[in-house]
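A short write-up of the structure that comes next.
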Amino acid sequence: MYIGVDLGTSGVKLLLMDKDGKILKKVTKEYGLSFPQPGWSEQNPYDWYDYTILGIKELISEINPSDVKGFGVGGQMHGLVILDENDEVIRPAILWNDGRTTAETDYLNNEIGTDKLAKYTGNIAFAGFTAPKILWVYNNEPDNFKKIKKIMLPKDYLVYRLTGAFSCDYSDASGMLLLDVKNKCWSKEMLDICHVSEDMLPKLYESSDVVGTVKSDVLADLGINGEVKVVAGAGDNAAAAIGTGTVGAGRCNISLGTSGTIFITDSKFVDLDNNALHSFAHSDKGFHIMGCMLSAASCNKWWMDEILRDKDYAKAQEEMGNLGENNVFFLPYLMGERSPHNNPKARSMFIGMSMDTTRAQMSQAVLEGVAFGMRDCLEVAKEMGINITETCICGGGAKSPLWRKIMANVLNIKVNTLKNDEGPALGGAILAAVGDGVYPDVIEAAKKIVEYDSSIEPDAEIAAKYDKAYDFYKKLYPHTKDLFQ
């Protein structure tokens, strides 16, 4: 049996999978998230480990624990975890959706220059990436910076605590802006720019590579006898792509989680001239391009939970209709935006309300705004000559039939759903099974394990209406972006 872990922003999700891909049990443990200042987002790495161990114990409580042969972790990307010489966490982790690094991001893009960054890494600087966070600590917390002995990403901290292996996979490392993605090695130039040395960074692996085994004291705590292999794992989007079968060239996956991503696979590195999207390594040993919205399903959660104070999401969506005819629009930039605008200061807004505007129209505008934001990214891919005709969809937002229908028609592509939408946790378990030799590679494993459930085809009439609506939507950010400054 194999344990897959999804180390997320709101909690850790774990699942137990047998060698044939059958999911036997799932467990979720939630932990805290702090916002010390507006636009900041932090977490305590110790919580990640403690709640993961609690989750594992619950997960294996009804089986022979020694049947567990491997762990694979998919985790939130870009977060900065720094340890001192005693392996103690120096400060709370600065997360992927933290927007404090505007000055550092501007320095990298404008003073170092986007051309150089693209040459060194294949990408430009975004506020969420790890390199600007390192520079922020250097500029604002010099005493903490002097203590740094190890720099790692969230899921790699978990692997380090489990195994003692200081490791990172290429997919997750791609989002640090420290990796030469095309050549799969640390960029000496970027390390110099960020004032760090290579010995402060982990050893690099492919996602399914075994980096170590669970330490004896951890095994004893879990009640497991025997060896348990741990693979390098993957960034959450690359792990989710495995769990959706988005492996091998020419595949697409859309994730509607806290953030939203469009993930398009390729067998080779894609050089992005416009830099609006990201060009990263994939967990199947290939590459992918990705657009990332900082707020996706979290927009709907904010609207329903915080503003309407209504937990009945399904009932609220029953009141929506007339797709493509809504006169209310919503910009989904609650935490700023990454792709394609790269503006941490961007903010959300409703526009188009009148005296007869209803709650249902505003609620529908939130769902449509996220879909329009995803189309912004898809349009960039189209400009690059990439033709996507269908996609898989996953994440919490994908559980909504209405949102799936909106996505299919706004993007005007076929949308496929999964029998088991377990995202990064399933991807992690599949990686563990590959690492243990059950499958020859990730692509073969995904083919045998991942099953699709249903599909939604776009309706030509509705898609045409959404084309006109998108023409209006795409003018909103250019007309308002100066206000955010």
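Any read-out appearing in this document is the output of simple, stated calculations on the displayed coordinates, not a laboratory observation. Everything numeric here is computed off the predicted structure, so don't read it as measured data. All Cβ positions, even for glycine, are placed from backbone atoms using ideal geometry, and neighbour counts span all protein chains on display.
To the nearest ten degrees, helix 460-480 and the longest principal axis of the Cα atoms of the chain are 80 degrees apart.
Residues in the stretch 125-136 carry Karplus couplings, in order, of 7, 10, 4, x, 5, 6, 4, x, 5, 4, 5, 5 Hz; the curve used is 6.51 cos²θ - 1.76 cosθ + 1.60 with θ = phi - 60°, and Gly or Pro positions show x.
For residue 185, nonlocal amide neighbours, meaning residues 5 or more places apart or on other chains whose placed amide H falls under 5 Å from its own, are 180. Counted over the stretch 396-443 with a bin width of 5 Å, the fraction of Cα pairs per bin, in whole percents, is 5, 19, 18, 16, 13, 12, 10, 6, 1.
Dipole magnitude for the chain: about 280 debye, using +1 per Lys or Arg Cβ and -1 per Asp or Glu Cβ, origin at the Cα centre. Positive end of the dipole of the chain (Cβ unit charges, origin at the Cα centre): among 454, 154, 125, the Cα lying farthest that way belongs to 454. Could you give the distance between the Cα centres of the stretch 208-278 and the stretch 313-386, to the whole Å? Using only Cα atoms, the two centres lie 28 Å from each other. Calculate how steeply helix 359-383 sits against the longest principal axis of the alpha-carbon atoms of the chain, using the helix alpha-carbon long axis, and give the answer as 0 to 90 degrees to the nearest 10. Here the helix axis deviates by roughly 70 degrees.
Over every Cα atom in the stretch 2-237, the radius of gyration and the widest Cα-Cα span, Dmax, amount to 17.9, 57 Å. Close amide H contacts of residue 11 (hydrogens built in the peptide plane, cut-off under 5 Å, sequence separation of 5 or more or a different chain): 31.
Using a/c under 1.5 as the rounded threshold, could you call the stretch 252-411 rounded, prolate or oblate? The axes a ≥ b ≥ c are square roots of the C-alpha gyration tensor eigenvalues, and prolate needs a/b larger than b/c, oblate otherwise.
prolate
Fewest-first ordering of 177, 204 by other beta carbons within 10 Å of each residue's beta carbon gives 204, 177.
Listed from fewest to most Cβ neighbours within 10 Å, the set 12, 366 follows the order 366, 12.
Taking the DSSP beta bridges with both ends in the chain, the antiparallel portion is around 70 percent. The separation of the stretch 445-477 from the stretch 20-57, counted between C-alpha centres, amounts to 31 Å. Amide H to amide H distances under 5 Å link residue 25 with 16, where only residues 5 or more positions off or on other chains count and H is placed in the peptide plane. Placing unit charges on the Cβ atoms only, positive for Lys and Arg and negative for Asp and Glu, gives the stretch 2-237 a dipole magnitude near 340 debye about its Cα centre.
Which of 116/474; 182/475; 13/119 have a Cα-Cα distance over 31 Å? Those over the limit are 182/475; 13/119. Compared with the dominant Cα axis of the chain, that is its longest principal axis, helix 45-59 is turned about 80°.
In terms of the Cα gyration tensor, with a ≥ b ≥ c the square roots of its eigenvalues, is the stretch 210-342 rounded because a/c is under 1.5, prolate because a/b exceeds b/c, or oblate? Cα axes put the stretch 210-342 in the oblate bin. Using the Karplus relation 6.51 cos²θ - 1.76 cosθ + 1.60 with θ = phi - 60°, the per-residue 3J(HN,Hα) values for the stretch 434-442 come to 5, x, 8, x, 5, 10, x, 7, 5 Hz, with x marking Gly and Pro.
Taking a ≥ b ≥ c as the square roots of the eigenvalues of the alpha carbon gyration tensor, the stretch 118-169 is oblate, as a/c is not under 1.5 and a/b does not beat b/c. Taken about its Cα centre, the stretch 1-104 carries a charge dipole of about 460 debye when Lys and Arg each add +1 at the Cβ and Asp and Glu each add -1 at the Cβ.
Would you mind ranking 108, 378 so that the residue whose beta carbon has the fewest other beta carbons within 10 Å leads the list?
Starting with the residue having the fewest Cβ neighbours, the order is 378, 108.
Helical runs (DSSP H, four residues minimum) scored at -39500 (n - 2.57) apiece and divided by the length of the chain put the mean residue ellipticity at 222 nm at -10000 deg cm²/dmol. Debye-formula intensities of the chain, expressed as log10 I(q)/I(0) at q = 0.10, 0.11 Å⁻¹, are -0.71, -0.86 (one equal scatterer per alpha-carbon, no solvent).
For residue 147, the lysines whose Cα falls under 27 Å of its own Cα, not counting residues fewer than eight places away in the same chain, are 133, 155, 188, 203, 215.
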